[in-house]
Amino acid sequence: MLHARTDIHTPFHIDMQWWSRQGRNFDRFLAEILGDPKIDRATGAEPLDYVDPGTAEVHQLNPLWVRVLLDQAHTPDYITPTTPLTNAVLRLLIENLNRPMSAVDMQRRINRGTPQTLLRVLQAARHQYGIAVAHDVPDDSPSA
């Protein structure tokens, strides 16, 4: 449930634990982004080091997440005007290494709707993709 004082400046992120609690496979979603829903991360696959090109920070990510970042995240068809907004928000957070973003930040990136519209979408995204207010859950690393 969203915090009672959520507004367009409230930061959101993907609650990685939500995916496990719901019995959903985040890797399958990443594989679908890559265009092959049959790709399955090998059991026990070791996280890879990913160097953020903007900050030079090294992040430990699962191999599918790294492939999405390298092969898809910066292509014109990664987020399009026809991408459903909840899906676009999740893809944006994946691209942003799950660093918290507000509805204002998201609207600037995807250039669709208004921050108020995106805030309403974020409320639905909690139940569809586990997107939550950043302070409601423990800090999740992308490899969690």
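Bear in mind these aren't lab numbers, they're just calculated from the coordinates by the rules spelled out. Remember, it's a predicted structure, so these values are computed and weren't measured experimentally. Cβ atoms come from the backbone with ideal geometry, glycine included; neighbour counts cover every protein chain shown.
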Angle between the chain longest axis and helix 115-129 axis [Cα atoms, degrees, rounded to 10]: 50
Can you give the charge dipole size of the chain about its Cα centre, rounded to the nearest 20 debye, using +1 on the beta carbon of Lys and Arg and -1 on the beta carbon of Asp and Glu? 560
Name the residue from Leu92, Thr117, Thr80 whose Cα lies farthest towards the positive end of the charge dipole of segment 58-124, charges +1 on Cβ of Lys and Arg and -1 on Cβ of Asp and Glu. Thr117
Measuring from label point to label point, each 7 Å out along Cα→Cβ, what is the Val51 to Arg5 span in nm? 4.2
Mind checking which of Phe26, Thr6, His135 is farthest towards the positive end of the chain's charge dipole, using Cβ charges of +1 (Lys, Arg) and -1 (Asp, Glu) about the Cα centre? Thr6
Please report, for the Cα atoms of the chain, the Rg to one decimal and the Dmax as a whole number; what are they, in angstrom? 14.6, 41
log₁₀ of I(q)/I(0) at q = 0.17 Å⁻¹ - segment 60-107, Debye sum with one point per alpha carbon: -0.50
A correct Karplus calculation of ³J(HN,Hα) over segment 17-28, with 6.51 cos²θ - 1.76 cosθ + 1.60, θ = phi - 60°, whole Hz and x for Gly and Pro, returns 5, 4, 4, 5, 4, 8, x, 9, 9, 4, 4, 5
Given 11 as the ceiling on other Cβ atoms within 10 Å, longest exposed-site-free region of the chain for trypsin sites (Lys or Arg not before Pro) in DSSP loops: 39-144
